[in-house]
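I have placed the structure first, in the form of structure tokens, so that the comments after it can refer back to it.
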Ligand SMILES: *Cc1c(COP(=O)(O)O)cnc(C)c1O
């Protein structure tokens, strides 16, 4: 049996006819930029997120950069974010000319640790970026208790959490502004690169729209130095079709997570992922922790299982961020987790047979490697 980390084939099949009709329309009209498909998707995604405004953009990294600029982050500022995240969270900060200030994560959920956030705040802090990692939301109410009295905006990195909820609040609708990614493998994925910014603030939404279109509020009027980051019409067609199915697909992921939970229940040497109290998790990834992870991963790969690591290197230990001068030992929880985490295959249409095969292989691999010690 082969079980890829992510298999989008069944998703694609479900939307194929609707997408084909939409694309036929777009190509017949040769209207590839903007238009009603983009507007309809933006409105539908805003409604799904429970916010007033959604601005579709080129990808999740641009969405983060635009969200941060919209929140007032500028050159010389500091932005607090977790050490265990995809590199894009830090990149967006650096591209503005601000400095990423990393903090450690909590050992149970690997989400940004509010204690670390409180310690990292300075007079130069311009934003805090909680990352809703692996499908569950960061402890937003605890972050807000630090941010609000200091007047620091909270900018969500919601790239891994479309549809997630925490204490009744939806991912992408809690911070002053939020950025998300529709990279194909995300819970809501395009057929290429795409992203969005969501906010309830009309002024921020307007400013971001201008920034994303060459700083241009009207044709050939340029008020600020912006960038070109648009949501393609072709991607809007795909995203509209998939958004209608997102809740059902997230429900499938929850069922798959429950099945993994029961299959791995009493296996020694495997720590299962936990959803924090109050979180409705959308299981972007199912991440276990094991000893001798690299050996276990190698065994799974040899058996045709596309397990992965998210992420093997915390931001401060990448070469790109060596200039921060933060060596090994700075963020012990993120560093220890990086050596133990293992993402099992997870996608809405994974079959129980595939999951049973993964669980059996994982059980055998962890027993083997324990014996080898
Ligand atoms: C995917 C992702 C991004 C970046 O999105 P792109 O669309 O690939 O630019 C940012 N942050 C996190 C946590 C992500 O998972």
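Bear in mind that the values in this text are calculations on the coordinates, not laboratory data. None of these values were measured; they are calculated from a predicted model. With ideal geometry, Cβ positions are generated from the backbone for all residues, glycine too; neighbour counts draw on all protein chains shown.
A few notes on this one:
- Rounded to 0.05, the FRET efficiency of the residue 272 and residue 95 pair, given R0 = 35 Å and the Cβ-Cβ distance, is 0.45.
- C-alpha center-to-center spacing [the range 87-163, the range 20-65] in angstrom: 27
- Shape metrics for the range 129-256, restricted to C-alpha atoms - Rg then Dmax, Å: 16.1, 51
- Comparing mean-square fluctuations of 216, 181, 161 from a GNM of the chain with C-alpha springs under 10 Å, the top value falls on 216.
- Residues of the range 208-246 falling in the label zone of residue 12, defined by backbone nitrogen less than 18 Å from a point 7 Å along Cα to beta-carbon, are 234-243.
- Within the range 73-164, all pairs of alpha-carbon atoms sorted by distance into 10 Å bins from zero give the percentages 19, 54, 26, 1.
- Computed over the chain, the P(r) tail beyond 28 angstrom holds 45 percent of alpha carbon pairs.
- Highest mean packing first, where packing is the average number of other Cβ atoms within 10 Å per residue, the peptides 30-36, 172-178 line up as 172-178, 30-36.
- Computed Kirkwood radius, in angstrom, where 1/r is averaged over Cα pairs of the range 139-199: 12.2
- All Cα pairs of the range 180-325, percent lying beyond 23 Å: 60
- Residue-averaged [θ]222 nm for the chain, counting only DSSP H segments that reach four residues, each worth -39500 (n - 2.57): -13000 deg cm²/dmol
- Convex hull volume per residue in cubic angstrom - Cα atoms of the range 293-373: 120
- Convex hull (Cα only) mean projected area of the range 10-149, reported in nm² to one decimal: 10.9
- All Cα-Cα separations within the range 252-312 were binned at 10 Å from zero, giving a P(r) of 19, 51, 28, 3, each value a whole percent of the pairs.
- Highest-fluctuation residue, 213, 247, 28 considered, GNM on the chain with Cα pairs under 10 Å: 28
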